[in-house]
Amino acid sequence: MFRGAGTALATPFTSTGELDLTVFEQLIEQQLAANIQALVVGGTTGEGSTLTNTEFETLLTTAVRVTAGRVPVIAGTGTNNTAQTIEKTQTAARLGADAAMLVTPYYNKTSQAGLVAHFTAVADAVDLPIMLYNVPSRTGVAIAVETAVTLSKHRNIQAFKEASGDVSFMGELMTALPKDFAVFCGNDDQILPYMAWGAQGVISVLSNPYPAETQALAEALLENDYETARRLQSDLMPVISALFSDVNPIPVKAALEEIGIAVGAPRLPLVRQSDAGHAHLIETMRSYKGVVG
């Protein structure tokens, strides 16, 4: 799919709660100018679970048009309803997405056999590369290594976004999966260890406000320049901590506002940061030098 840093784009809203496509285009162009290698639309950071079908289609159509093939556009199409996920993924394919990212079914959850059946049903229904998304802290269900290996045999299931936070699991996963199967880090604080294990990139929240720095870190790791990678990851850690001091994407939307990209407030049930949390985020951002050279 890609190598390096891909951004899980935040979704801009106006003060009255509608999509702000002007700002969305501005965000995309900022990402492309910084050499970001892929864009994810309608994922967790993009508040995909609160978007209407029409809004999702509008965002995806806009992203495909603006990127104009410069980088892959990956659509977040996973839900906890297999039939709905199939329909949404088919829509993404029709609208020109380069791939679809499917989170594990949440709330109702399922067994490992159920995960195989769910993901296989979606992959059978589309002619589009599928990325599995493992984030048990949000969904309450994790993809086991054996399940990932089974699913990797499907011709349309081509990638895995690993966001469990378990570095040992990442090691087991990389050891067991086929060598040509793409794995991406899903946690900004673990880009270095995950890519050291062999992940070919990161799908990042951090890269919304810091695309050049995130791409520089990923590039250093792809080039096995661990001295530079350690410096970049270490320098970024206070910012990463501040960006995850509240539920994502609450802090990252505030961070984008700070750098002049007016993405607005998150949608309910998410609310803006507390005054103290916001002040800490802005102070941390202003203390970070943002030097990538």
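The values are calculated or read from the model by the stated rules, or taken from the named source; none is laboratory data. Since this is a predicted model, take the numbers as computed values, not measurements. Methodologically, a virtual Cβ is constructed for each residue, glycine included, from the backbone with ideal geometry; neighbour enumeration extends over all protein chains shown. Accessible surface is based on the protein model in full, side chains and every heavy atom, while ligands, DNA and RNA are left aside. Shrake-Rupley method; radii C 1.70, N 1.55, O 1.52, S 1.80 Å.
What is the spread of the Cα atoms of the range 55-193 along each of their three principal axes, largest first, in whole Å?
40, 33, 27
Under a 1.4 Å probe, what is the accessible area of the range 151-204 per residue, stated in Å²?
38
Pulled fully out, how much extra length does the chain show between Thr61 and Tyr226, if you take 0.36 nm times their separation in residues and subtract their Cα-Cα distance? Walk me through the numbers before you get to the answer.
On the way: separation 165, 0.36 × 165 = 59.40 nm, distance 3.82 nm.
Extra length available between Thr61 and Tyr226 comes to 55.6 nm.
By the scheme Lys and Arg +1, Asp and Glu -1, what is the net charge of all other residues having a beta-carbon under 12 Å from that of Leu21?
For residues surrounding Leu21, the net value is -3.
Find out how many positive minus negative residues lie around Gly96, taking Lys and Arg as positive, Asp and Glu as negative, among other residues whose Cβ is under 14 Å from that of Gly96.
Net of charged neighbours comes to 0.
Place the peptides 257-264, 115-122 in order of packing, highest mean first, counting for every residue the other Cβ atoms within 10 Å and averaging per peptide.
By packing density, highest mean first, the sequence is 115-122, 257-264.
Which residues does the label zone of Ser287 cover in the range 178-200, counting backbone N under 19 Å from a point 7 Å along Cα→Cβ?
Correct set: 189.
Can you pull the percent of the range 156-272's accessible area that's carbon plus sulfur, 1.4 Å probe, other chains left in place?
Result for the range 156-272: 51 percent of the exposed heavy-atom area is carbon or sulfur.
Dipole of the chain (Lys/Arg Cβ +1, Asp/Glu Cβ -1, origin at the Cα centre): which of Gly277, Ile191, Ala176 lies farthest to the positive side?
Ala176
Hey, can you rank 21-28, 38-45 by average C-beta count inside 10 Å, highest first? The partial results should precede the final answer.
On the way: 21-28: 18.8, 38-45: 26.5.
Ranked from most to least packed, the peptides come out as 38-45, 21-28.
Can you give the direction-averaged projected area of the convex hull of the alpha-carbon atoms in the chain, in nm²? Before the final figure, lay out the partial values.
Working: hull surface 55.3 nm².
That works out to 13.8 nm², a quarter of the Cα hull's surface.
Sort the range 135-268 into rounded, prolate or oblate with this rule: let a ≥ b ≥ c be the square roots of the eigenvalues of the Cα gyration tensor; rounded if a/c is under 1.5, and if a/c is not under 1.5, prolate when a/b is larger than b/c, oblate otherwise.
Judged from the Cα gyration tensor, the range 135-268 comes out oblate (a/c at least 1.5, b/c at or above a/b).
At 1.4 Å probe radius, can you tell me the per residue accessible area of the range 1-137 in Å²? Display every interim value, and only then the final one.
Values: 5220 Å² over 137 residues.
Spelled out: the 1.4 Å probe surface of the range 1-137, per residue, equals 38 Å².
Take Asp235 and Arg267, extend 7 Å from each Cα along the Cα→Cβ direction, and tell me the distance between the two endpoints in nm.
So the label points at Asp235 and Arg267 sit 3.7 nm apart.
Suppose we keep just the alpha-carbon trace of the range 12-113; what are its Rg and Dmax in angstrom?
14.0, 44
Net charge near Ile259, counting Lys/Arg +1 and Asp/Glu -1 over other residues with Cβ under 13 Å of its Cβ?
Summing Lys/Arg as +1 and Asp/Glu as -1 gives -1.
If you roll a 1.4 angstrom probe over the protein chains with everything in place, what fraction of the accessible area of the range 1-76 belongs to carbon and sulfur, to the nearest %?
Ligands and nucleic acids excluded, carbon and sulfur give 50 percent.
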